Amino acid sequence: MEEIVDFGFVEREEIMVSPSGDGNPTMRLAHFLQPTVTTIDEPVFELPSNCISSVPPNFEPKNWPLEVKYNGWRNPQKEWKAWVEKMSSLHQSTWNTAGIREAIWSSTYKIQRNNDLILGLAEKWCPDTKSFIFSWGEATVTLEDLLISGYSVLGSPFFSSLDTKELKEVEEQLEHARKELNRSSSKKPDHSGWMKKFKGSGSNIEHEAFLALWLSRFVFPGSFSVIGQAVFPIAVQLSRGTRIALAPAILASIYRDLGLLKQRIAALAEFEIVADENEVLEISICSPFQLVQLWAWERFVEFRPKYKLIKNGEPRCAQWHEKIIGVGNVRKVLDSAGVSFNWRPYAKTLKNWKLPQFYAEQEMFVSVDADLPEEFESFALCLRSSELVGLDCVEQYLPHRVAMQFGMDQDLPACVARANDTRHAAWSCYSKPITCANLYIPPRLYEADVTARYSKWWKQSMLGLKHECEIALLEKTFPSSTPGRSKAEKFSCFVGSKTALKIAKHNKEGGSSSSSKMEPKRLKRTTESISMKTSKQKKKDPSGPVTLVSPLKKAKTTVETSKGKEKVCDVSASAGLSSKMLPPSLTVKKELNDSPVPPGFALKFNLVETTESVDKDNLTISEMLRSNNVKFMDREKSPSHSQNFSSSMADNEATKFVETQTELMDKIMHNECVKGDSGTVMEYAAESKSGSLDNDVVRIRSSESGGNKHATELLELQFEDRVSRVERIFAELKAAKLGPSHPS
């Protein structure tokens, strides 16, 4: 089939389908962004396996031990708008030339933060694809969003050096003013002190000082409200009308921070609670994250507050000034927003807002020559895969994965090689010239489709990710798929919760040195901006270690390990029984890195590990227990009722009890009671009756928000009750065989 390749575009006839799956496939001429592949067998840029699974099971950000500091989300200072108005009256033409007028005016509006929305989006972020992975499709913040917000995609890199003596002298004056503030009572060049020093001062560098504050507070904000020395060369060049490509630098920092935030959220899925209720995992976001929320408000109707009418000349963000809206379960809304998602919000008319030229009424091909309008050249850069150079990072830019956001049809995305060996190499990739003859501009109201092969690939990818997510959840709930784990260990996760609590209480009250202890798990810090802090100790050294503990903390139990060697204690001794009463094949083992409970569930049991021959791995749980002579006694036939009760009869009765329970366990381990449809995490198919051993099961259904808390608590109580009965039988069996006067 003949292809027409033109500046990152491919035009060819393909079988196209609606992204929602509605309607019939049609053969038509379609336009795609490069690079694409034409078959699923070619190397497609696959979705990583952990992009949707490593998140907390329940979307309850207010209950997460996570504190996000949005240091880059700055509101305008009290006198900032007045200073903008004054500087605009003097330098508006210069701002237009430098391409920063709308961005500067945007900084005078306040965008109220919706924390749940930001965290919900960050959950969906995939650092490998630089996009949000929703069940219905893939989308992301692009250079187009930064362009609409008033930041230029054209121009010199932000790290360009000053090349004249005059410009260097201005930079020196700014640096001198910064040092003066360092010697002042505040001991730092903070934003308020900087404004007080220069606003209305009539200084010959007031404009440059104004731009330095704008850059430090709204474009390249740091962890502290101080004037950054690195922005001085940029401010000097902008003050002369030099165009600086701020958009790629800002987008790089947003991609970086979305990746860091997703990493922290994923960590919460592995740890249920931190060492102290007052401790939280803290992360600082230094990029202007209000742009992420604006991106969501433009596209998701469910999150969008009621906008207000903007005036002529106002930036687009003015419609959201001081607006806010609350949404219940953000995760649920994101997962169900496929049909209502607005792929091209900027292409629709907005009263008193001027549409850019590249939102044309009809499709067109624009000649690429020396007279190419700046807006079309900017749009072309938004469509090309490249590298984004930030202040302290380099990130890939992959618009071909989200072609429908630009009015293009979507095909299978191909792999893109990295070109970021150095900052200059990455910039060369971004700024390479346009060499084609024509630039294709789609109609602004065109509704793009996806190829039939893309639709098939996406559905297969989602099914695969869903399956892996379910397996991960089951492995956390039933740690039975770990290589080398026997049937005994599969059953073991339901035995011994009372024992664990007894040991925990003994350790807490200062038990003997034989009690096991464990060093809390330490989490590596990926950046200096991430730290663990206590609300009562905010002034502690932020470079200290970050300490999280596993869900074992819930039982207040600690276990000691030494270079991978775990201490093991006998379950019979822990329960107050003689070690002779329990076969040596069953021992209690507390493990740090293989927790038997998923995040959000309380610990109600200990692990039991078999040390017998691996030949028993293929036995059922009932057979395994019989082979190890584990026997129990029913309470009704205890020695308290008859001193002459036969121990063999007790063994038979106890065996019936265990077999009833282990039949259920065997079914669970063989997935007879576990389902994985989209609305269910796990389901135990039985009814519970009071006093019944045959129906001692609880049905759990996960709600769309991540789980039924009431059912979970009920399951835990059922397990605890069952364990209590087993432990009572242990004690009565001991009394039957050794006599009631035998010391414990």
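Read-outs: derived from the displayed coordinates by stated rules, not from any lab. Note that the structure is a prediction, hence the values are computed from the model and not measured. Cβ sites come from the backbone with ideal geometry, for glycine too, and all protein chains shown count toward neighbours.
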Cross-link table K86/K165; K78/K308; K165/K196, entries beyond 30 Å C-alpha to C-alpha: none
Percent of Cα-Cα distances greater than 19 Å, calculated over segment 1-146: 73
For segment 98-127 versus segment 12-81, the gap between their alpha-carbon centres in whole angstrom: 17
Set K168/K432; K311/K354; K69/K262 screened for pairs whose C-alpha atoms are more than 21 Å apart: K168/K432
Virtual spin-label span in nm between Q460 and E377, 7 Å along Cα→Cβ: 4.3
